[in-house]
1. Give me the 1.4 Å probe accessible area per residue for the chain, excluding ligands and nucleic acids, in Å².
2. Under the rule a/c < 1.5 gives rounded, and otherwise a/b versus b/c splits prolate from oblate, where does the stretch 1-46 land using the Cα gyration tensor?
3. In whole Å, what is the distance between the alpha-carbon centres of the stretch 51-79 and the stretch 7-38?
4. In the P(r) worked out for the chain, what percent of Cα pairs fall beyond 15 Å?
5. For the chain, set up a GNM with springs between Cα atoms under 10 Å and report which of D57, D35, D48 has the largest fluctuation.
6. Tell me, what % of the accessible area of the chain is carbon and sulfur with a 1.4 angstrom probe?
7. Under the definition of Cα pairs under 8 Å and six or more residues apart, what whole-number percent is the relative contact order of the chain?
Amino acid sequence: MAVHDRLEKVFRETFQLPAECEVRKLRYREAEQWDSLGHMTLVVAIEDEFDVELSPDDALAIESFEVAAALVGERTGDG
């Protein structure tokens, strides 16, 4: 499964997003569940799914699906 597809699955599961939600356009706080606690849950879920460790700066930089995809791509070599 491609990085973007796997990451979309992580976002959907973490935030329990409905099928009609355009995950790849999602930005921080646009989904009710993506608050500060949800953000930390997302970071852990990304690290688990992709077997990567994100620095605190990387974690704070994740303000959208797009940024998360770029960071994961860099860490996994799929970017």
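1. So the chain comes to 63 Å² accessible per residue, rounded to a whole number.
2. It comes out oblate by the Cα gyration axes.
3. 16
4. Summing the P(r) of the chain above 15 Å gives 49 percent of all pairs.
5. D57
6. Carbon with sulfur: 47 percent of the solvent-accessible area.
7. The value is 35 percent.
The values are calculated or read from the model by the stated rules, or taken from the named source; none is laboratory data. It should be emphasised that the depicted structure is a prediction, and the values quoted were computed from it without experimental measurement. Protein only, heavy atoms only, side chains kept; ligands, DNA and RNA dropped before computing areas. Shrake-Rupley method; radii C 1.70, N 1.55, O 1.52, S 1.80 Å.
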